[in-house]
Amino acid sequence: MLVAFLSMVAALGLAWHVARDGTLVRMATNAATHQASGGTLAWLQDLLGF
């Protein structure tokens, strides 16, 4: 039980650092701009991927 709690705290700490540094926003922006310029084929691939 203690190991699970410590793992959760460590994961939250890593998520906090990624969000604070702006890495998370940068990755999301890069992914969105990559797909936005892909055209109809990229849009269909994303749609069928879900």
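The values are calculated or read from the model by the stated rules, or taken from the named source; none is laboratory data. Worth saying up front: this structure is predicted, and the values here are computed from it rather than measured. Note: ideal-geometry Cβ built from the backbone for every residue, glycine included; neighbour counts use all protein chains shown. In case anyone asks, the SASA skips ligands and DNA or RNA and just uses the protein heavy atoms, side chains included. Shrake-Rupley method; radii C 1.70, N 1.55, O 1.52, S 1.80 Å.
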Residue ID - most open to solvent (accessible area, probe 1.4 Å), chosen from residues in region 3-18 that are under 16 Å from the mean Cα position of the chain (by Cα) and either aromatic (F, W, Y) or at pLDDT below 85 (or both): W16
Could you please find all residues in region 19-50 being surrounded by 10 or more Cβ atoms within 10 Å (Cβ to Cβ), modelled with pLDDT under 75 and in a loop (DSSP other than H, G, I, E, B)? G38
